[in-house]
Every structure is written in C-alpha cells, then in structure tokens.
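Quick notes on the structure that follows.
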Amino acid sequence: RWLAATDQGLLGGDAWQFTHWLLPSPWASEVLDLAYHAWFLPMTLGVVLCSFARPGSRIASRYLTSYVLLWIILGTVVAYLVPSAGPCFYGQFQPDHGRFAALTGLLSSQDAFLRAHGFHGLAAVEYQRALLQHFHAPGVALGAGISAMPSLHNAMAVLFACAAYQAGRRIGRLFLAYAVLIWIGSIHLGWHYAADGVVAAALTVAIWKATGLVYRSRSAVASRRLAGIVELPIVAAEPA
C-alpha cells in the first residue's frame, strides 16, 4: 500500500493514469506490450556478446558481474525485504479490491479490442492471469513469482544502457530511450508502480559504478605488480 501511496504523493495521482492519458490508444498499449516482453532478447544477447568478448574485456566483466549482482541483490535480497505486488495484483492482496480496478478493466477492454481486430492482444493481461493461477496453486512453478519492488525489468534495461554508453554515446542514447520505454510500459501495463523503476534504476547505476571502481582498482594493482616484475633496460646514449 505504501508504494501506491508513494506514487500518489509524488505525482498527485496514480502513475498509470498519466501514461494512459498520454497514450490512450490500444495500439500504443500493444507497442508497449511488445517492447516490454521483448526484453528477454537483449538480456540474453548481452550475455552472449560477453561470451565472445576478448579475454580481459573490462566492459564484459563489469556487465556480467553487474548482471549477477542485480539478480542477487535486487531480485532476491531487496525483493525479500520489500515484498509487494504490482497494481495489476493489488486487489488480490489488499482489502481495497477496487483500488486499481479501473486500470485492470481498461487493460482487459484494450486486450479484447485488439483480439477483435485480429491481433494477439496484450500479453501482459494473459501473463498476469497465469501468474495468479500459479500463485493460488499448491505447487511451485518456475518463473511464477510475483514481485514488484524493485523492478528487474527496469534494472536490466538500465544495465543495457550503462554498458551501451561504454561502447558509444549513440548506442548508449538508444538503449537509454529503451530503458525509459520499459519504465513507461511497466507502469502502463500494470506490472509496477513508478517507484519500482526509480529505485531499480538508482540501485543499478550504483552497482555499475561500484563494479567500475573494483575493476579499475584491480587493473591498477595488476599494473603495479607487472611494473615490479618487468624491468626495462635503460640504454644511455653515447656521445658522438
């Protein structure tokens, strides 16, 4: 409840109301839905590219270290300490069942509209229903957890941008725009509160900077050790 209240306090209203006001069309929701769930492709490709990076590549090392730390620190530790469910699940876990009914109803109607026009519809609506079914089932299912704070979707998108900026400003700006799109989509589709993405982004940048300090420190230590081992001969110039 305090995450929903945080959005109210910061924005003067629920974040999803602003995104749907800016992007009211079902077609806009469809684009955001496709971009949001296509996130698995760059996440996988990032690891693959690091696998083919030259040995000792600092960017690849920082990316993989940050990648693992994000899943451990944000996806496990912080998620355990701040258990929460996004707006799409609010009515299932809080006594105020109608708090986000307008959002879930709007997404359902947009999903029906898109299906009526021959499209697949909003995958978010389909996945949210499936997650609820798994949550109420007696067994444990892979990938069936419900967690809003912090957003790993947003964290990974910010990590893409951090690594891309090391490769070049243009590609960095492209992935920064994608990270912003993921943040908007996470709110628009009911998965997250605005605060989930903000906290995730801040922690991701902090982890990225920390890995940079660690690897720079290790490189400096290695250089000093190498300088102590390798002695270059000094040849004095003889007078003519």
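The values are calculated or read from the model by the stated rules, or taken from the named source; none is laboratory data. Bear in mind that the values here come from a model prediction, so they are computed numbers and not experimental data. Reconstructed Cβ throughout: ideal geometry from the backbone, glycine too, with neighbour counts over all protein chains shown. These accessible areas exclude ligands, DNA and RNA; they are computed on the full protein's heavy atoms, side chains included. Shrake-Rupley method; radii C 1.70, N 1.55, O 1.52, S 1.80 Å.
The distance linking the range 117-154 with the range 8-47 is 15 Å (Cα centroid to Cα centroid, whole angstrom). Its Cα gyration tensor gives the range 1-126 an equivalent ellipsoid, and the semi-axes of that ellipsoid, as √(5λ) in whole Å with the largest first, are 33, 22, 13. State log₁₀ I(q)/I(0) for the range 17-82 at q = 0.12, 0.23 Å⁻¹ as given by the Debye formula over alpha-carbon point scatterers of equal weight, solvent excluded. These q points yield log10 I(q)/I(0) values of -0.54, -0.93. Shape summary of the chain, radius of gyration then Dmax from alpha carbon positions: 22.9, 95 Å.
The relative contact order of the chain, computed from alpha carbon pairs under 8 Å that lie at least 6 residues apart in sequence, is 29 percent.
Each peptide in 99-112, 148-161, 47-60, 191-204 receives the mean, over its residues, of other Cβ atoms within 10 Å, and ordering these scores from highest gives 148-161, 191-204, 99-112, 47-60. When the Gaussian network model of the chain links Cα atoms closer than 10 Å, the mean-square fluctuations of Gly12, Gly212, Gly190 top out at Gly12. Based on a Kirkwood Rh over C-alpha pairs, give the Stokes-Einstein translational diffusion coefficient of the range 112-179 at 10 °C and viscosity 1.306 mPa s in µm²/s. Answer, rounded: 107 µm²/s. Applying 0.36 nm per residue to the separation of Phe119 and Val31 and subtracting their alpha-carbon distance, the gain on full extension is 30.5 nm. Roll a 1.4 angstrom probe over the protein heavy atoms and tell me the percent of accessible area of the range 45-200 that is carbon or sulfur. It is 67 percent, rounded to a whole number.
Placing a label point 7 Å from the Cα of Thr44 along the Cα-to-Cβ line, the residues of the range 139-162 whose backbone N sits under 18 Å from it are 142-144, 153, 156-157, 160. Based on protein heavy atoms only, the chain ends up with 58 Å² per residue of surface accessible to a 1.4 Å probe.
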